[in-house]
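The values are calculated or read from the model by the stated rules, or taken from the named source; none is laboratory data. It should be emphasised that the depicted structure is a prediction, and the values quoted were computed from it without experimental measurement. Heads up, the Cβs are rebuilt from the backbone with ideal geometry, glycines too, and the neighbour counts pull from every protein chain shown. Keep in mind that these areas ignore ligands, DNA and RNA; they rest on the heavy atoms of the full protein, side chains included. Shrake-Rupley method; radii C 1.70, N 1.55, O 1.52, S 1.80 Å.
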Amino acid sequence: MKLINFTIIKLTFFLIIGITFAYFITLPLYLSLLITGGLLLILGTVFLTSKKQLTKNIWFGLMSFLLMSSIGILTVNIHNQKHFKSHYTNTISLSNDSLNTITFKVRELLKPNKYYHKYIVDILNINGEATTGKSLLSITKDTINATLKVDAIFICKTDLKPILPSLNPGQFDYKKYLNKKYIYHQIVTSNQSLFKSESKSYSLLGIANNIRDFINLKLKKHHFTTEELSIINALFLGQRQNISENIYSSYTNAGVIHILAISGLHIGIILLMLNFIFKPIEQLKKGKLIKTILIVFILWSFAIIAGLSASVTRAVTMFSIVAIGMNLKRPTNILNTLAISIFILLLIKPMFLFDVGFQLSYVAVLAIVIINPLLQKLWKPKYKIVNFYWQTLTVTVSAQLGILPLSLYYFHQIPSLFFITNLVIIPLLGIILGYGIIVILLAILDILPQFLANIFGYIISAMNGFVGWISNYNEFVINNISFSLLYVLVSYILIAALINFWKQKSYKSFKWVLIGVVIVQCTVIYTNYSKPSNQLIIFHKSRFSLIGDVSKHKINVSHDFDSITQSKNRIITNFTVKNHIKNIENDSLKHLYILNKNTLFIIDSLSTYNVKSFQPDYLLLRQSPKLNLSRLIDSIQPKQIIADGSNYKSYVTYWEAICKKRKLPFHQTGKKGAFIIDY
């Protein structure tokens, strides 16, 4: 069975090409409309011609694939509200920090951080003018910690701040992440500055949020702990905002973080339960149709209650297609099912393509379909219980092999004990989900006996305890693995070649394995050759100074951190992992760095300098030195001035104004990010 023969897979492939093209290269909306319309007209002409001549026409297939790529480009443009005049970026000036009266509607609750409660909001009105577009809302934490409700409308007078990109190389780029969600600015305010407006409109997300609040209110009556409630919300309601960092880290290190995101595993188990419960309906006239409609309706109702997150939506879409095939006795192929669900989802939400969970889940299912049958042939246990655990192990290993390159690229770690955790957790997940649904239904009806709630709470706590125990074996978690996107591509080439050789042991398939090995070796050589060398980086770190000097594939690190900051700092780790640097050496901060033909001079809080004998190319100001900058510039005449994160903001603003007046380049790491000098 050749994968390339499936038409829907081909169409989905070219749709993905179009979406990827539109993500990296922006085309005007009108141009993408014209191209799509033109290709549709040409396709219709080719179709009529070939039909009239009763011959197969290669041009029809070619134009179909080009049209599909064009539809992918058009889909991305249509979903980006910036292409429409009503978007707030096209209605107001954002060049300065002017205050605007902004009316917004709460759309989604996000996980809060140490200082802010975070939300995604829809901007409805700015200065009396109706607008569209989404924004990030950050509300400072204070004594009033009431959570804003979804669909609530508020008015505030503030400015729209741009979302800053990552300030250090190798750091997670939150700006790029939000751009994929069409969010480009943020509102930073406080509870006291918000004025609630009357709202009579309700969205699906708002209704779902009210249902979740109602369920939580009922569950709290039965004395579940905070940790137990957070896991229940993750497993059954798709909400992970309240999971503590410790619990989240435990599940990550144990290799079962996928348990906490409603995905194909959860929806598959629920589908099997529903299929069993509604089995008697098949006896009725058109019973199978009624049963299918009921199952699909319940699955999508569950998806809405869970907030229509990417993981829930893709899982329910895929299993809705599976449910239709199962109950209407239509032959379904899992590869076709995957392609159809991807096709539908990307037409509705094209940016799902760049969602990490979206990629991991589909690659995992694909790996299970292709690799698992090969692993199961290795051993055929006689006993059912042994066979059950053997199948669980092979499915787990297949999925992990499939997602390994992507996991290394995104997370840079391997939880070596993942198979042990999965062997325990996955068989119990069906029981936990079934029991949990009964507990929630009884709680909603106010007839849940306390002893049933206590048992369920104990099961959740026991699962947390087991996962925490496994995650404590830190020596089995391999961290900080350097793995680039190029490594991901060549890894899948090699994996595909090995699977092909496993299935067909021939000279031709072995030749492809050797080609794959050569490609991997060439990639490793290229990566080592392209490592940064002779580079000095002034990193941004609030209240501290951090300098890295890269030479001969190692980095000398200088800083003024205290012991606590040093233990928590990941700036250097992120940089070295991204750039495949293994050797890290510590050094003390100097006042002068000779960088080949360039010099960097540093003035700290002592403000002592006597450099009349030379003129440094770069001047770094750190720890807020009290000095006359104009006089210093006249004295040493630097070509550029840098201020790192250790300085007071008022000082940096003053220095920037002086440099602007004197037309001298000024770099503030708090705004522009790390400053890099190649030498």
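Given the structure, is Ile78 at pLDDT 90 or above, open to solvent by 30 Å² or more (accessible area, probe 1.4 Å), aliphatic (A, V, I, L, M) and farther than 30 Å from Ser190 by Cβ?
Against the criterion (at pLDDT 90 or above, open to solvent by 30 Å² or more (accessible area, probe 1.4 Å), aliphatic (A, V, I, L, M) and farther than 30 Å from Ser190 by Cβ), Ile78 qualifies.
Does the stretch 487-506 contain any residue that is at pLDDT below 90, open to solvent by less than 60 Å² (accessible area, probe 1.4 Å) and over 30 Å from Phe418 (Cα atoms)? Taking every residue of the stretch 487-506 in turn, at least one turns out to be at pLDDT below 90, open to solvent by less than 60 Å² (accessible area, probe 1.4 Å) and over 30 Å from Phe418 (Cα atoms).
Just one residue in the set Gln192, Gln241 is part of a loop (DSSP other than H, G, I, E, B), touching a residue at least 40 places away in the same chain (Cβ under 8 Å) and not basic (Lys, Arg); that residue is Gln241. Within the stretch 558-565, does at least one residue satisfy the condition of being under 27 Å from Asp173 (Cβ atoms), of a type in the set (S, T, N, Q) and at pLDDT below 90? The answer is yes, given that some residue of the stretch 558-565 is under 27 Å from Asp173 (Cβ atoms), of a type in the set (S, T, N, Q) and at pLDDT below 90.
Checked against (1) in a loop (DSSP other than H, G, I, E, B); (2) surrounded by 14 or more Cβ atoms within 10 Å (Cβ to Cβ); (3) at pLDDT below 90, Thr608 passes all but condition (2).
Counting only residues that are part of a helix (DSSP H, G or I) and modelled with pLDDT under 85, how many does the stretch 304-316 have? Step through it out loud before you land on a result.
So in the stretch 304-316, the residues part of a helix (DSSP H, G or I) come out as 304-305, 310-316.
Still in the running and modelled with pLDDT under 85: 304-305, 310-315.
Number satisfying all stated conditions: 8.
Only one entry of Leu442, Leu417, Leu346 meets the criterion of being modelled with pLDDT of 90 or more, under 27 Å from the mean Cα position of the chain (by Cα) and either buried (at least 17 other Cβ atoms within 10 Å of the Cβ) or not aromatic (Phe, Trp, Tyr) (or both), and that entry is Leu346. Is it the case that Ser341 is free of Cβ contacts under 8 Å to residues at least 40 places away in the same chain, closer than 25 Å to Val397 by Cα and outside any loop (DSSP other than H, G, I, E, B)? In short, yes.
Taking strands (runs of 3 or more DSSP E) that do not extend beyond the stretch 498-605, which have at least 1 residues that are under 25 Å from Phe483 (Cα atoms) and of a type in the set (A, V, I, L, M)?
535-541, 544-551, 554-559, 583-587
If the condition is being in a helix (DSSP H, G or I), out of contact with any Phe, Trp or Tyr (no Cβ under 9 Å at 6 or more places or on another chain) and either of a type outside the set (S, T, N, Q) or over 19 Å from Ala367 (Cα atoms) (or both), then the stretch 412-437 contributes Phe418, Phe419, Ile420, Ile426, Leu428, Leu429, Gly430, Ile431, Gly434. Applying the condition of being among the β-branched types (Val, Ile, Thr) and under 39 Å from the mean Cα position of the chain (by Cα) to the stretch 634-670 and asking which residue is surrounded by the most Cβ atoms within 10 Å (Cβ to Cβ) yields Thr669. When the stretch 244-296 is limited to residues that are assigned to a loop (DSSP other than H, G, I, E, B) and in contact with a strand residue (DSSP E or B) (Cβ under 8 Å, 6 or more places away or on another chain), the one that is farthest from Asn464 (Cα to Cα) turns out to be Gly255. Across the stretch 373-400, the number of residues qualifying as open to solvent by 50 Å² or more (accessible area, probe 1.4 Å), touching a helix residue (DSSP H, G or I) at 6+ places or on another chain (Cβ under 9 Å) and not in a helix (DSSP H, G or I) comes to 3.
Taking the residues in the stretch 107-126 that are hydrophobic (A, V, I, L, M, F, W, C) and either in a loop (DSSP other than H, G, I, E, B) or more than 20 Å from the chain's Cα centre (by Cα) (or both) as candidates, determine which candidate is nearest to Ile183 (Cα to Cα).
Only one residue tops the list, namely Ile123.
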